[in-house]
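Below is one structure; the comments refer to it alone.
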Amino acid sequence: MSTIKSIDAKTAKEWLDKHEAIIIDVREPGEHAAIHIVGATLIPVNMIDENKLPKFHNKKFIIHCQLGKRGAMACEKLLRNNPTLDVYNLEGGIEAWEKAGFSVEKSHKMFLSIERQVQTTIGSGVLLGLILGYFLHPGFLFLSAFFGAGLLFAGLTGSCGLAILMAKMPWNSKT
């Protein structure tokens with residue numbers, strides 16, 4: 001298996017300015033609509049495939065997400081299918097890009113990232129299970145256990161069913 005190559009925001013900007021690379025955003029449509037790097041092509045991580053990449057010869061592909069984790073997953077998936085692809089994960093994602101002072105397009109609408117939506121849902125579910133279990137019936141504690149088991153599964157497998165479900169919600173599907 002090929003090793004995932006990383007690139008910092010400054011080098012990525014240089015490559016893009018010289019037209020040596022194409023940038024691919026692997027976040028969800030709602031995240032992309034809220035903030036994105038100008039010129040980035042949106043291909044959500046769960047849909048990433050070599051056949052969906054723009055057809056440009058002799059150009060590098062810079063993959064980015066919010067912080068770098070989904071970008072690394074997308075690079076891994078692309079390289080697993082074609083180890084000869086010239087793909088790079090943007091270290092720190094769009095947050096590092098913006099922190100480096102490079103321009104982004106932002107929507108004026110408020111948007112929570114998929115990660116924050118998942119954290120809010122799980123935190124609410126655990127708290128609700130504990131409150132209901134204490135005040136109404138101990139059986140409600142299984143709600144907290146359910147969310148804990150989901151977190152454990154996500155941590156062990158790298159796949160979060162709740163994040164996949166959240167990404168399909170109408171407020172996250174708008175482009």
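The values are calculated or read from the model by the stated rules, or taken from the named source; none is laboratory data. These numbers come from a predicted model, not from an experiment. Here the Cβ positions follow ideal geometry from the backbone for every residue, glycine too, while neighbour counts run over all protein chains shown.
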message: I'd like the residue in the stretch 122-135 that is buried (at least 16 other Cβ atoms within 10 Å of the Cβ) and not hydrophobic (A, V, I, L, M, F, W, C) and, out of all such residues, is farthest from A167 (Cα to Cα).
response: G133
Residue in the stretch 1-14 that is surrounded by the fewest Cβ atoms within 10 Å (Cβ to Cβ), counting only those that are modelled with pLDDT under 95 and either closer than 20 Å to G92 by Cβ or under 15 Å from the mean Cα position of the chain (by Cα) (or both): T3
task: Working only within the stretch 100-116, note down all residues that are modelled with pLDDT of 85 or more and either more than 19 Å from N172 (Cα to Cα) or among the aromatic types (F, W, Y) (or both).
output: A100, G101, F102, S103, V104
- prompt: Does S124 satisfy the condition of being assigned to a helix (DSSP H, G or I), hydroxyl-bearing (S, T, Y) and either modelled with pLDDT under 95 or touching a helix residue (DSSP H, G or I) at 6+ places or on another chain (Cβ under 6 Å) (or both)?
  reply: no
query: Which residue pairs have Cβ atoms closer than 8 Å, lie 6 or more positions apart in sequence or on different chains, and pair a first residue in the stretch 40-59 that is over 14 Å from V87 (Cβ atoms) with a second residue that is charged (D, E, K, R)?
result: A40/D25; L42/D25; L42/R27; P44/R27; P44/E28
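Results for (1) surrounded by fewer than 22 Cβ atoms within 10 Å (Cβ to Cβ); (2) assigned to a loop (DSSP other than H, G, I, E, B), shown as yes or no for each residue.
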residue: L16; (1), (2): yes, no
residue: I22; (1), (2): yes, no
residue: I62; (1), (2): no, no
residue: A72; (1), (2): yes, no
residue: P83; (1), (2): yes, yes
Number of the condition not met by N81 [criteria: (1) under 21 Å from G158 (Cβ atoms); (2) assigned by TED's automatic domain parsing to the domain that holds A145]: (2)
